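Some notes on the structure that comes next.
The values are calculated or read from the model by the stated rules, or taken from the named source; none is laboratory data. Note that this is a predicted model, so its numbers are computed, not measured. For neighbour counting, all protein chains shown are included, and Cβ atoms are generated from backbone atoms with ideal geometry for every residue, glycine included. Please note that ligands, DNA and RNA were not included when accessible areas were found on the heavy atoms of the full protein model with its side chains. Shrake-Rupley method; radii C 1.70, N 1.55, O 1.52, S 1.80 Å.
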Amino acid sequence: MEAAESSDILIIREVQSGHRQAFESLVRKYMRRAHGIAMQFVQNSEDALDLSQDAFLKSFRAVDRFDTSQSFFPWFYKILRNTCLSFLKRRGLVKSFSLSAAGEGEPDYELVDESAPSPHAILAGGELREEFWKAFARLSLREREILALRHFQDMSYQQIAETLEIPIGTVMSRLYHARRRLRERLEAVL
Amino acid sequence: MDDREHFRIQMMGFLDDELDGAARRSFIERCYADPELAAELAQYRRLNEIADSMRLREPEDYEYERFFARISARIERRLAFTLLFLGLALLACWALVGLFLSSCSPVVKTGAALTLFGAALLVSSVARAWLRVRRLDRYQGVRR
């Protein structure tokens, strides 16, 4: 376990032993990352803030059941991901799911609204930026997730594998399928 | 999976600098021998550069300053509601017992009993609905 992870576990143990205020340092450490991840699911900053707060709240309530031999972030990520998926389903924003091209057993989701994030959510940029986000919005949730973890969260394959609880080979395969679809949609600008 | 498909998957590891020395060398050799794959590699490299440069706007700092305060407020509110509910339930039981032991008119006793029964029914109905929603199939409504 890396130093950052073991410091998370120390904080969790503190929270579990009754020092609830210690949870604040975990929130402060991961709130930006949590918002960034939620954005990839809901593409709206206000909703992403609410959902990441929900996820922290759920993890706080469940903290006594957390197994301290595991890393905190993958556990929290699952809570955040499920929170975002539930939100999308409740609002009827999930159109369908299909088994991925990689032949994995778990379902994948597509969004009803394939429009790009609102212009104010995108940092100023040219046509390429707009094209990219349009193409990105048309990917399935699984494809967006793997690309977001790699490119926007700068996570290594090992970190992604731990977070998603998949083998590194599957990380590579998911990245390949996601990038292939993105490449097909951005062919004109590449 | 055919050999080229496998190679394309390896390409991702190469682009992200995740291949070990031997795999990297073997990949480069294969790329030299296959111009079509080399062209694909160039496209993926460009795609990666574009993706790496993309960022969505982050909330303002003051939003993050309020982030934990909001979570903390929600935790407090939840605790407050729990305490309030328990307190009210205790008081209601005490009032009910007191009322039935007192010498009030049967109309008052019946009225109080019906009010408390109605309130209990309402609370249990809301609680059951809440539990039902929580137990819903996570994949319900998703077309297979």
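What are the residues in the range B:65-106 that are modelled with pLDDT under 85 and either under 29 Å from A:V63 (Cα atoms) or at the interface with another protein chain (Cβ under 7 Å from one of its Cβ atoms) (or both), if any?
B:E65
Can you tell me which of B:L19, B:L56, B:L47, B:L37 is touching a Lys or Arg at 6+ places or on another chain (Cβ under 8 Å) and within 10 Å of chain A (Cβ to nearest Cβ)? Can you show your working first?
Values: B:L19 fails: touching a Lys or Arg at 6+ places or on another chain (Cβ under 8 Å); B:L56 fails: touching a Lys or Arg at 6+ places or on another chain (Cβ under 8 Å); B:L37 fails: within 10 Å of chain A (Cβ to nearest Cβ).
Answer to the selection: B:L47.
Does A:L10 meet the test of being surrounded by 15 or more Cβ atoms within 10 Å (Cβ to Cβ), outside any loop (DSSP other than H, G, I, E, B), at pLDDT 90 or above and not assigned by TED's automatic domain parsing to the domain that holds A:M155?
Working: surrounded by 15 or more Cβ atoms within 10 Å (Cβ to Cβ): no; outside any loop (DSSP other than H, G, I, E, B): yes; at pLDDT 90 or above: yes; not assigned by TED's automatic domain parsing to the domain that holds A:M155: yes.
No; evaluated as a whole, the condition is false for this residue.
Which of (1) open to solvent by 10 Å² or more (accessible area, probe 1.4 Å); (2) at pLDDT 90 or above; (3) part of a helix (DSSP H, G or I) does A:L26 not meet, given it meets every other one?
Of (1) open to solvent by 10 Å² or more (accessible area, probe 1.4 Å); (2) at pLDDT 90 or above; (3) part of a helix (DSSP H, G or I), only one is false for A:L26: (1).
Looking only at the range B:22-46, which residues are of a type in the set (S, T, Y) and exposed (fewer than 13 other Cβ atoms within 10 Å of the Cβ)?
Answer for the range B:22-46, where residues must be of a type in the set (S, T, Y) and exposed (fewer than 13 other Cβ atoms within 10 Å of the Cβ): just B:Y32.
Return the residue satisfying two criteria in turn: it lies in the range A:45-78 and is free of Cβ contacts under 8 Å to residues at least 12 places away in the same chain and not basic (K, R), and of such residues it is nearest to B:E58 (Cα to Cα).
Step by step, filter the range A:45-78, then rank; the result is A:E46.
Can you pull out the residues in the range A:151-190 that are aliphatic (A, V, I, L, M) and assigned to a helix (DSSP H, G or I)?
Step one: of the range A:151-190, the residues aliphatic (A, V, I, L, M) are A:155, A:160-161, A:164, A:166, A:168, A:171-172, A:175, A:178, A:182, A:186, A:188-190.
Across the range A:151-190, the qualifying residues are A:I160, A:A161, A:L164, A:I168, A:V171, A:M172, A:L175, A:A178, A:L182, A:A188, A:V189.
Can you tell me which residues in the range B:47-79 are crowded, with 17+ Cβ neighbours inside 10 Å and among the hydroxyl-bearing types (S, T, Y)?
B:S72
Name, by its number, the condition in (1) modelled with pLDDT under 85; (2) in a loop (DSSP other than H, G, I, E, B); (3) not acidic (D, E) that does not hold for A:H120.
A:H120 satisfies every listed condition except (2).
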